[in-house]
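Colleague: Quick one: the structure is below, questions incoming.
The values are calculated or read from the model by the stated rules, or taken from the named source; none is laboratory data. As the structure is a computational prediction, the values presented were derived from the model and not from experiment. Cβ coordinates were reconstructed from backbone atoms using ideal geometry, including for glycine residues, and neighbour counts include every protein chain displayed.
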Amino acid sequence: MHDIRHHLSDALLLGHAAGALSEAFDLVVATHVSVCDDCRAKLGAYDALGGALLEDMPETAPASGSLAATLDRLPAEPPAAPAADADATFPEPLRRAVGGDLSSVRWRRIGGGVAQAVLTRDKDGASVRLLRIPAGVAVPDHGHNGAELTLVLRGAFHDEVDSFGRGDVEIADPALSHQPVAARGEDCICLAATDAPLRFNAFLPRLAQGLFGI
Amino acid sequence: MTGHDADVTTGDRDWAIEIRAVRDRRDQAAFARLFDHFAPRVKGFLIRGGASPSEAEDVMQEVMATLWRKSHMFDASRASLSTWIFTIARNRRIDMIRRTRRPEPEDLPWGPNPEPPQAEALALAQETDQLGRAIAELPDAQRQLIERAYFGELSHSEIAFETGLPLGTIKSRIRLALERLRRQMV
């Protein structure tokens, strides 16, 4: 694995630990943490904060017979944990969201050779999609009404801010307008989540926005 | 650390003994002790997060049943038991709201030696206890902000504050545990 240079922010890790993120952002966080032990350790510290709060929680008495009812729910044997798949391209949370690995993705072309697969979209406008950008190709210049998280799964891209390789996350705030360009040599595959629709800056891409489905 | 039920860390029980008894011997008495301590807290957490008493009772029973079913997944060098139960309860709360399973990081496969060093596990449990005391010493406004975030009362965009808590030692300890696990996986 390429050395990860761009990590999740403390606000995102705390938000994931606290359960305050959208499903779209949770998926990007869980996928990055699957490949980044620095962020996994930080998330563990924020989880520990939740554990300390639980320990201090005012108690609410269980219903009568609660323990017996819980024991009734137990199966005789614990189900086996799902096997980790060392050959997979996608970490497990992403395989679960896709319903398989990279070969199972149902890509839809959205122009310029770029393809996408929308994974989830919730009623508040948050969505998460896979993007496949051919080597050397640019995604249309765009800004965000909300934040955008982009995690590189394969290949690399660069934009006005920096360059991003496998495992890196770009956290773009609403003020950033950028045009990611895939590095030469290999198609770039990213997992991108937004918590509000994107804004395209040129007229033609604005037409393409309908095709993006966002 | 042998098998004494009265073993203590820093005033709290060492729950790792009970969870090992559940894992290794399916010990219902040990499970009952875990239930007595954690079930009322989990139910309180769920009610604070907006669940009705009957929903909270149902989800709490499911959380405690998960504790039994997944006892083999608990790694005391990466989380205290209260932390692990918190993550199960949090995930159940979100699953209930979303009606889908929340994305969670891939768990690391076990190496040839699944039993983590006791000293590491104990130190982590003690640090989680100390964290609880540090929370209690925070200024009220700061502590309430953290509680509101963890009890589901803040949106993502409202979570942009420093906790003001010494989380670095816990992070470093978990980082070391992960490195040990990665070495075993090679």
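Colleague: Only residues that are assigned to a helix (DSSP H, G or I), small (Gly, Ala, Ser) and either surrounded by 20 or more Cβ atoms within 10 Å (Cβ to Cβ) or within 8 Å of chain A (Cβ to nearest Cβ) (or both): list them for the range B:135-156, please.
Modeller: If the condition is that a residue be assigned to a helix (DSSP H, G or I), small (Gly, Ala, Ser) and either surrounded by 20 or more Cβ atoms within 10 Å (Cβ to Cβ) or within 8 Å of chain A (Cβ to nearest Cβ) (or both), then B:Ala136, B:Ala149 are the ones that fit.
Colleague: From the list A:Ala41, A:Ala52, which one is touching a Leu at 6+ places or on another chain (Cβ under 8 Å) and closer than 15 Å to B:Val42 by Cα?
Modeller: A:Ala52
Colleague: Would you be able to tell me the number of residues in the range A:57-70 that are out of contact with any Gly (no Cβ under 6 Å at 6 or more places or on another chain) and either more than 7 Å from chain B (Cβ to nearest Cβ) or acidic (Asp, Glu) (or both)?
Modeller: Within the range A:57-70, residues that are out of contact with any Gly (no Cβ under 6 Å at 6 or more places or on another chain) and either more than 7 Å from chain B (Cβ to nearest Cβ) or acidic (Asp, Glu) (or both) number 3.
Colleague: Would you pick out the residues in the range B:152-176 that are more than 16 Å from B:Gln126 (Cα to Cα) and either among the basic types (Lys, Arg) or in contact with a Leu (Cβ under 8 Å, 6 or more places away or on another chain) (or both)?
Modeller: B:Leu154, B:His156, B:Ile159, B:Phe161, B:Thr163, B:Gly164, B:Arg175
Colleague: Quick check on my filter: what residues within the range A:11-55 are of a type in the set (S, T, N, Q) and either closer than 14 Å to B:Thr87 by Cβ or in a helix (DSSP H, G or I) (or both)?
Modeller: Passing the criteria: A:Thr31, A:Ser34.
Colleague: I'd like the residue in the range A:1-18 that is surrounded by 22 or more Cβ atoms within 10 Å (Cβ to Cβ) and among the small types (Gly, Ala, Ser) and, out of all such residues, is farthest from the other protein chains (Cβ to nearest Cβ).
Modeller: Taking the candidates together, the pick is A:Ala17.
Colleague: Another question about this same structure. Would you please name the residue that is modelled with the highest pLDDT, looking only at residues in the range B:108-134 that are among the hydrophobic types (A, V, I, L, M, F, W, C) and within 16 Å of the chain's Cα centre (by Cα)?
Modeller: By that ranking, first place goes to B:Leu131.
Colleague: Does the range A:128-147 include one or more residues that are modelled with pLDDT under 90 and within 15 Å of A:His6 (Cβ to Cβ)?
Modeller: Scanning the range A:128-147, I find at least one residue that is modelled with pLDDT under 90 and within 15 Å of A:His6 (Cβ to Cβ), so the answer is yes.
Colleague: Could you grab the pairs with beta carbons closer than 7 Å, sequence gap of 6+ or different chains, first residue in the range B:123-141 and touching a residue at least 24 places away in the same chain (Cβ under 8 Å), second one assigned to a helix (DSSP H, G or I) and of a type in the set (Asp, Glu)?
Modeller: Pairs found: none.
Colleague: Then there's this: Quick check on B:Leu178: is it surrounded by 20 or more Cβ atoms within 10 Å (Cβ to Cβ) and facing chain A (nearest Cβ under 8 Å)?
Modeller: Considered against the rule, which asks whether it is surrounded by 20 or more Cβ atoms within 10 Å (Cβ to Cβ) and facing chain A (nearest Cβ under 8 Å), B:Leu178 comes out as no.
Colleague: Give the residues of the range B:12-50 that are at pLDDT below 95, under 18 Å from B:Ala79 (Cα atoms) and of a type outside the set (A, V, I, L, M), sorted by residue number.
Modeller: B:Asp12, B:Arg13, B:Asp14, B:Trp15, B:Glu18, B:Arg20, B:Arg23
Colleague: Within the range B:99-115, identify whether any single residue is surrounded by 13 or more Cβ atoms within 10 Å (Cβ to Cβ) and β-branched (Val, Ile, Thr), and answer yes or no.
Modeller: No, the conditions are met nowhere in the range B:99-115.
Colleague: May I pose another question? Report those helices (runs of 4 or more DSSP H) wholly inside the range B:20-130 carrying at least 3 residues which are touching a Pro at 6+ places or on another chain (Cβ under 9 Å), within 11 Å of chain A (Cβ to nearest Cβ) and not hydrophobic (A, V, I, L, M, F, W, C).
Modeller: It comes to B:28-48, B:53-69.
Colleague: Applying the selection to the range A:26-52, what residues are facing another protein chain (nearest Cβ under 7 Å) and in contact (Cβ under 8 Å) with a residue 40 or more places away in the chain?
Modeller: Hits for the range A:26-52 are A:Leu27, A:Ala30, A:Ser34.
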